[in-house]
Amino acid sequence: MTKIGYKFTEEHKSNLSKALKGFFKSPEHRKHISEAKMGAKNPMFGTKHTEEWKEKMKERHTGKNNPRFRGEKRKDFLGYVCVYKPEHPFAIKDKPRIYEHRLVMEQKLGRYLKPFPEERIHHINGIKDDNRPENLLLIFPHQPHCLTVACPKCDFTFAFGDKNA
């Protein structure tokens, strides 16, 4: 980009036009190129991939093999760390990720956690990406005696369910 008030010399303009000669195609030439490969003139026109080829491509571009794969771990929009785990039973099918704090608690307990509303994980220090086992607290919100729960370390109080029940 040029600065305001700066003018190119005629010599510079002619050198620039020589350098770019043939780089930009005329509108007529661009139209001719696009028409040359349209419809039946295109060598791939009417061909379809076989089911075997589709499966092979699906395997090549799924998960870690996908060129857009950005790694095992990533933070979601809430600040929690998600981990790529397609083999986990509670991983979402189209995006096979699960929260890291749930995986850490599952390893600590030696079993799978129940889905989100039944068993929740609380970060004691309030830092959502601090997933050390000693910083995580398992909460059971649907137990009848457990309408309010206070975290023993940070005194954060959780209120669950209907208080009139």
- With the first residue restricted to segment 91-116 and required to be modelled with pLDDT under 90, and the second required to be among the hydroxyl-bearing types (Ser, Thr, Tyr), Cβ contacts under 7 Å at 6 or more apart or on different chains are PRO96/TYR84; ARG97/TYR84
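So that you can scan it fast, the table gives a plain yes or no per residue for (1) out of contact with any helix residue (DSSP H, G or I) (no Cβ under 9 Å at 6 or more places or on another chain); (2) farther than 30 Å from LEU113 by Cβ; (3) among the β-branched types (Val, Ile, Thr):
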{"site": "TYR6", "(1), (2), (3)": "yes, yes, no"}
{"site": "GLU10", "(1), (2), (3)": "yes, yes, no"}
{"site": "SER14", "(1), (2), (3)": "yes, yes, no"}
{"site": "SER17", "(1), (2), (3)": "yes, yes, no"}
{"site": "ARG30", "(1), (2), (3)": "yes, yes, no"}
{"site": "PRO43", "(1), (2), (3)": "yes, yes, no"}
{"site": "HIS61", "(1), (2), (3)": "yes, yes, no"}
{"site": "LYS73", "(1), (2), (3)": "no, no, no"}
{"site": "ILE92", "(1), (2), (3)": "yes, no, yes"}
- Note on the structure: For segment 33-87 the number of residues that are assigned to a loop (DSSP other than H, G, I, E, B), closer than 25 Å to HIS123 by Cβ and either touching a Cys at 6+ places or on another chain (Cβ under 7 Å) or touching a residue at least 12 places away in the same chain (Cβ under 8 Å) (or both) is 7
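Select from segment 105-138 the residues that are among the aliphatic types (A, V, I, L, M) and outside any loop (DSSP other than H, G, I, E, B) and write down the one among them that is farthest from GLY79 (Cα to Cα).
Of all residues in segment 105-138, those among the aliphatic types (A, V, I, L, M) come to 105, 109, 113, 121, 124, 127, 136-138.
Still in the running and outside any loop (DSSP other than H, G, I, E, B): 105, 109, 121, 136-138.
Working: MET105: 18, LEU109: 24, ILE121: 14, LEU136: 16, LEU137: 18, LEU138: 19 Å.
Per the criteria, the residue is LEU109.
What residue, of PRO43, PRO96, PRO67, PRO89, is surrounded by fewer than 10 Cβ atoms within 10 Å (Cβ to Cβ) and in contact with a His (Cβ under 9 Å, 6 or more places away or on another chain)?
On the way: PRO43 fails: in contact with a His (Cβ under 9 Å, 6 or more places away or on another chain); PRO96 fails: surrounded by fewer than 10 Cβ atoms within 10 Å (Cβ to Cβ); PRO89 fails: in contact with a His (Cβ under 9 Å, 6 or more places away or on another chain).
One residue alone meets the criteria, PRO67.
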- Message: I'd like to check something: does segment 15-37 contain any residue that is loosely packed, with under 10 Cβ neighbours inside 10 Å and either aromatic (Phe, Trp, Tyr) or touching a Lys or Arg at 6+ places or on another chain (Cβ under 6 Å) (or both)?
- Response: yes
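For (1) acidic (Asp, Glu); (2) within 30 Å of ARG97 (Cβ to Cβ); (3) at pLDDT below 80, each residue gets a yes or a no:
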site	(1), (2), (3)
LYS3	no, no, yes
LYS7	no, no, yes
LYS18	no, no, yes
PHE23	no, no, yes
PRO27	no, no, no
THR50	no, no, no
TRP53	no, yes, no
LYS58	no, yes, no
HIS61	no, yes, yes
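Would you point out the residue of segment 61-80, among those that are of a type outside the set (Ser, Thr, Tyr) and in contact with a Phe, Trp or Tyr (Cβ under 7 Å, 6 or more places away or on another chain), that is farthest from ASP129 (Cα to Cα)? Break it down stepwise before answering.
As a first pass, look at segment 61-80 and keep what is of a type outside the set (Ser, Thr, Tyr): 61, 63-79.
Pick out the ones that are also in contact with a Phe, Trp or Tyr (Cβ under 7 Å, 6 or more places away or on another chain) and you get 63, 72.
Details: GLY63: 23, GLU72: 15 Å.
Top of the filtered list is GLY63.
The values are calculated or read from the model by the stated rules, or taken from the named source; none is laboratory data. All values derive from a computational prediction rather than experimental measurement. When we count neighbours, we look across all protein chains shown, and the Cβ atoms used for this are built from the backbone with ideal geometry, even at glycine.
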